[in-house]
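Report on the following structure.
The values are calculated or read from the model by the stated rules, or taken from the named source; none is laboratory data. These numbers come from a predicted model, not from an experiment. Positions of Cβ are backbone-derived with ideal geometry, glycine not excepted, and every protein chain shown enters the neighbour counts. Surface areas here come from the heavy atoms of the whole protein model, side chains and all, with no ligands, DNA or RNA. Shrake-Rupley method; radii C 1.70, N 1.55, O 1.52, S 1.80 Å.
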Amino acid sequence: MPPPLDLAGRTFGRLTVLARGPLVRWGRLQASWLCRCECGAELAVPQNRLPHRASIPASHVVDSCPDCRAKPCLVCGTPIPPPSSARTCSDVCCSEQKE
């Protein structure tokens, strides 16, 4: 039997794994790892979202906190948190972009 997986101390993108985390619900209940982003935020990331093996699809990988993954509004620069695919943060900015 292989030894248990230990990702503590490894870095994935902007996240550094601190320790094994609690069970989290991400579709189903699963193991997680407590991680710290370079910005200082701490979050629990499901094990199947950390790219610790080659078979994890890139589209599923979590490599930073939600604030760092936010894309800026094209007009005012305000962060637009994921999973939004909008290019602007509000209707006001949207109308300014069209002008």
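Tabulated data
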quantity: Some residue of segment 30-41 being open to solvent by 70 Å² or more (accessible area, probe 1.4 Å) and of a type in the set (Asp, Glu); calculated: yes
quantity: Conditions (1) farther than 25 Å from Leu7 by Cβ; (2) surrounded by fewer than 13 Cβ atoms within 10 Å (Cβ to Cβ): number failed by Gly27; calculated: (1)
quantity: Test set (1) of a type in the set (Val, Ile, Thr); (2) within 30 Å of Pro4 (Cα to Cα); (3) not in a strand (DSSP E or B) - Thr88 fails condition number; calculated: (2)
quantity: Count of segment 1-24 residues which are farther than 12 Å from Ser64 by Cβ, open to solvent by less than 100 Å² (accessible area, probe 1.4 Å) and either in a strand (DSSP E or B) or hydroxyl-bearing (Ser, Thr, Tyr) (or both); calculated: 4
quantity: Identity of the residue in segment 47-73, at pLDDT below 80, open to solvent by 80 Å² or more (accessible area, probe 1.4 Å) and not in a helix (DSSP H, G or I), that ends up nearest to Gly9 (Cα to Cα); calculated: Arg53
quantity: Selection within segment 8-47 - under 19 Å from Ala58 (Cβ atoms) and out of contact with any helix residue (DSSP H, G or I) (no Cβ under 8 Å at 6 or more places or on another chain); calculated: Arg10, Thr11, Phe12, Gly13, Leu15, Val17, Gly27, Cys35, Val45, Pro46, Gln47
quantity: Any hit, segment 2-11, residues being closer than 27 Å to Ser85 by Cα, in contact (Cβ under 8 Å) with a residue 12 or more places away in the chain and not charged (D, E, K, R); calculated: no
quantity: Boolean, Cys94 is outside any strand (DSSP E or B) and either of a type outside the set (A, V, I, L, M) or open to solvent by 60 Å² or more (accessible area, probe 1.4 Å) (or both); calculated: yes
quantity: Residues satisfying the stated conditions in segment 47-74, i.e. more than 10 Å from the chain's Cα centre (by Cα) and within 18 Å of Leu5 (Cβ to Cβ); calculated: Gln47, Asn48, Pro51, His52, Arg53, Ala54, Ser55, Ile56
quantity: Pair list, Cβ under 8 Å, 6 or more apart: segment 55-70 residue on the phi < 0 side of the Ramachandran plot, other residue at pLDDT below 85 and open to solvent by 60 Å² or more (accessible area, probe 1.4 Å); calculated: Pro66/Pro81; Asp67/Pro79; Asp67/Pro81; Arg69/Pro81; Ala70/Pro79; Ala70/Pro81
